[in-house]
């Protein structure tokens, strides 16, 4: 099965997160605010997304932050860890990570800008 919802989706505290795949990409959507209360769930979801991207040989994962109001550094670190995992793969197994962001949320501009510098060949931000 190549399409459908990905294990690890959750709604907890003030955050809802879900992931689904289609024939071309995996899309992960975050809504609300992410803090230490949901750190474990964010890590688990990103692990499932990574595993599914490899299983399905996806070339891109889209992360939609447009409805994410805030994310603290503990949760944001989960994304850094995920990107490091992708960087550690053989080049032909790596996939792109594209963030959809809201220009009006300054924390997203700063934080996602830093990720693009950290992983120039893997991370892209669309505002």
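The values are calculated or read from the model by the stated rules, or taken from the named source; none is laboratory data. Owing to the predicted nature of the structure, the values given are computational and were not obtained by experimental measurement. We place every Cβ from the backbone using ideal geometry, glycine too, and count neighbours over all the protein chains shown.
In table form, for the structure just shown:
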{"read-out": "Scope the stretch 9-25; condition surrounded by 14 or more Cβ atoms within 10 Å (Cβ to Cβ) and either assigned to a strand (DSSP E or B) or in contact with a strand residue (DSSP E or B) (Cβ under 7 Å, 6 or more places away or on another chain) (or both); matching residues", "value": "9, 10, 12, 14, 15, 16, 17, 18, 19, 20, 21, 25"}
{"read-out": "Unique match (being over 15 Å from residue 115 (Cβ atoms), buried (at least 17 other Cβ atoms within 10 Å of the Cβ), touching a helix residue (DSSP H, G or I) at 6+ places or on another chain (Cβ under 9 Å) and modelled with pLDDT of 95 or more) among 93, 53", "value": "53"}
{"read-out": "Options 42, 61, 28: the member that is surrounded by 17 or more Cβ atoms within 10 Å (Cβ to Cβ), outside any strand (DSSP E or B) and at pLDDT 95 or above", "value": "42"}
